[in-house]
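So the structure is just underneath, and the comments pick up after that.
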Amino acid sequence: MKTIACIGAGNMGAALMKGAAGKAQIGFADTDKAKAKAAARAVNGTVFASNTEAAKTGDFVFLALKPQVLAAVLTEIGPVIRDRMSCGSPVAVVSMAAGWPISKIQAVIGGSGADAPAAKSPQASLPVARIMPNTPALVSRGMIALSVSPQFPPEKLAELEAILGGAGLTDRLEETHMDAVTGLSGSGPAFVYQFIEAMADGGVLAGLPRDKALRYAAQTVMGAADMVLQTGKHPGELKDMVASPAGTTIQGLAVLEQGAFRGTVISAVEAAWKRAQELG
């Protein structure tokens, strides 16, 4: 059975490892030891004493880290990864940090620094995958974009996709689109949660009990999303199926248009996309 060393035991790392339970032996490293222990218990895994210990053992080393701390951790584990590669010990690094391109990860692990060109890095041949999951992975309904370096072996890629599959839908993507994915599906759940909350508030304003309003709003969003995915129809066509002439729906849609609803959502995704670029 393959082994996974997950550096970072936050919600996203724990969610992906929960989906991988039974497919690999899993261990966590985190500065918050209590969090690492809790994540390990959930998957019948282990806890590493340090990041370097984690990097010594995993067939896959997952970096479930915020972009602001990634450089420090890569610098810390770089010597271990370099030693493993020089000894012929196979390892693949999987990062979910927003904004950090594969070439930059390879350069820092190789000891060349974050600003060094990948070609000058002694570890430019290191197999690195970059993923962008989202929080619905916590309930195995995530959307996970996946890009890999050219050095990533096909059999290793198949293993990685199997590991990620337990957390939701995985889709291979050119790395040049990864920041856009970060703005759309990475940040998108927060936009949807706010929409659900607002829908429920509208229901309460109209007289529904709070718990009923929230349940109806959430189920409506989930059902509408399934309609898009299962029918293959354009959202505009599905919208028109609901909006009958002079009816309630078209009246509500007119109010959304007055509030620049679509333009505001587009701008929100754009802002998140630009921030992902800044983080890199």
For the stretch 190-224, which residues satisfy the criterion of being surrounded by 15 or more Cβ atoms within 10 Å (Cβ to Cβ) and not in a helix (DSSP H, G or I)? Leu208
Residue count, the stretch 149-176 (criterion: farther than 14 Å from Met17 by Cβ and surrounded by 23 or more Cβ atoms within 10 Å (Cβ to Cβ)): 0
Name the single residue, out of those in the stretch 79-103 being within 23 Å of the chain's Cα centre (by Cα) and part of a helix (DSSP H, G or I), that is surrounded by the most Cβ atoms within 10 Å (Cβ to Cβ). Ile102
State whether one or more residues within the stretch 54-70 are more than 21 Å from Ile163 (Cα to Cα) and among the hydroxyl-bearing types (Ser, Thr, Tyr). no
Mind counting the residues in the stretch 65-91 that are under 22 Å from Asp30 (Cα atoms) and hydroxyl-bearing (Ser, Thr, Tyr)? 1
Out of all the residues in the stretch 33-50, which are surrounded by fewer than 23 Cβ atoms within 10 Å (Cβ to Cβ) and either within 21 Å of the chain's Cα centre (by Cα) or of a type in the set (A, V, I, L, M, F, W, C) (or both)? Ala34, Lys35, Ala38, Ala40, Ala42, Val43, Val47, Phe48, Ala49
Glu76 passes all but one of the listed conditions (1) over 18 Å from Thr135 (Cβ atoms); (2) buried (at least 22 other Cβ atoms within 10 Å of the Cβ); the exception is number (2)
Given the conditions (1) within 18 Å of Pro150 (Cα to Cα); (2) surrounded by fewer than 24 Cβ atoms within 10 Å (Cβ to Cβ), and given that Gln106 satisfies all but one, which numbered condition is not satisfied? (2)
Flagged in the stretch 52-76 as touching a strand residue (DSSP E or B) at 6+ places or on another chain (Cβ under 9 Å), among the aliphatic types (A, V, I, L, M) and part of a helix (DSSP H, G or I), in numbering order, are Ala54, Ala55, Leu70, Val73, Leu74
Can we say Phe48 is in contact (Cβ under 8 Å) with a residue 60 or more places away in the chain and aromatic (Phe, Trp, Tyr)? no
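Computed from the coordinates by the stated procedures, all read-outs in this text should not be read as laboratory data. In this text the structure is predicted, and so the values were computed from the model without any measurement. Here the Cβ is made from the backbone with ideal geometry for all residues, glycine too, and neighbour counts use every protein chain on show.
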